[in-house]
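Structure, as structure tokens:
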Amino acid sequence: KEPRVHQGAAPSRGVEREPWAPHAAAPSRGPDKGSRARGRVKVWIEDRGFGFISPVDGGPDVYVHRHKLADGSYLVPNTAVQFSQRWDPGKHEYACEECWGAQGEPQAPMRPSKELESFAERLSLDRDATIVLARLPQELQLEVIAKYSSEDAEEQGDDQGEHAADMAHLFVAGLPANADEDFVTAIFSEHGVVEKCKVLQNKNSVRMPDRAALVSMADAQQAESAIASLNQAVPEGCESPIAVKYADRSKGKGKGKGKGKV
């Protein structure tokens, strides 16, 4: 099934990234984080929840995801917007920090429960991963917490605490709506041993049909390999690029560039 693509001048040919937002050369000085710029929506892919903005002052197109929309839930091509941006040295592109001028009802902010905050602190999850977990149904949040807690306890009981400390937790976004643990594990198993995998689904499954996942690789080297190969790539079975990064706040290096189909 082809995703719905709302576009302006961009050709109608699926969700390939290159025609709309070629990788930019690294600037001598990146834009100030949080500074506002003006632009027009070049393309919006509703089924995948992302699009690109063309800055009015010129320069490369800026990638924007639905969760960066401050006042709505989708963008309309050729409409004017304001946005804050930052240079991502790992991906060699500009990324939208926040966007104003969207249509539809904005997503309601989700406040993590005390149990989830404690869980996120224990696993050193970053803000993006914690927000995705907070948007899950309460029963699924508890299932995720219980799964990781019970497996951690088993590892400690088997004198594998040192091994558990070596594991690197990854946060994966942009997975197809039908993705399950077997699907995600198959993708990441090509880059090492997948110790744990949990697929997450947002509460707003109509507006945000794509899924996210938490994946634990056996060690940091395997996690680095997965990030370098899969971040902004399109694995077999996916229709658009996925995002892969460390879920651990203490890490965050080694983000890879897009590599197309893998």
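Values quoted throughout were computed directly from the atomic coordinates according to the rules given, and no laboratory measurement underlies them. Keep in mind it's a predicted model, so treat the numbers as computed, not measured. All Cβ positions, even for glycine, are placed from backbone atoms using ideal geometry, and neighbour counts span all protein chains on display.
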Quiz prompt | Under 5 Å, built H, 5+ apart or other chain: amide partners of Gln232 | solution = Ile242, Ala243, Val244
Quiz item: How high is the FRET efficiency from Arg40 to Ala177, r the C-beta distance, R0 45 Å, rounded to 0.05?
Solution: 0.95
Quiz item: Once phi is turned into ³J(HN,Hα) by the Karplus curve 6.51 cos²θ - 1.76 cosθ + 1.60 with θ = phi - 60°, what whole-Hz value does each residue of the range 54-61 show in order, with x for glycine and proline?
Solution: 9, x, 4, 7, x, x, x, 5
Quiz item: Sorted by average packing, counted as other Cβ atoms within 10 angstrom per residue and highest first, what order do 179-191, 41-53 take?
Solution: 41-53, 179-191
Exercise. Mind scanning Lys91/Lys196; Lys68/Lys91; Lys91/Lys114; Lys91/Lys147 and naming the pairs with a C-alpha gap bigger than 28 Å?
Key: Lys91/Lys114; Lys91/Lys147
Quiz prompt | ³J(HN,Hα) computed for each position of the range 78-85 - Karplus, 6.51 cos²θ - 1.76 cosθ + 1.60, integer Hz, glycine/proline x | solution = 6, 8, 7, 9, 10, 7, 9, 9
Exercise. State the extension gain, in nm to one decimal, for the chain segment bounded by Asp128 and Gln82, taking 0.36 nm per residue of separation less the distance between their alpha-carbons.
Key: 14.4 nm
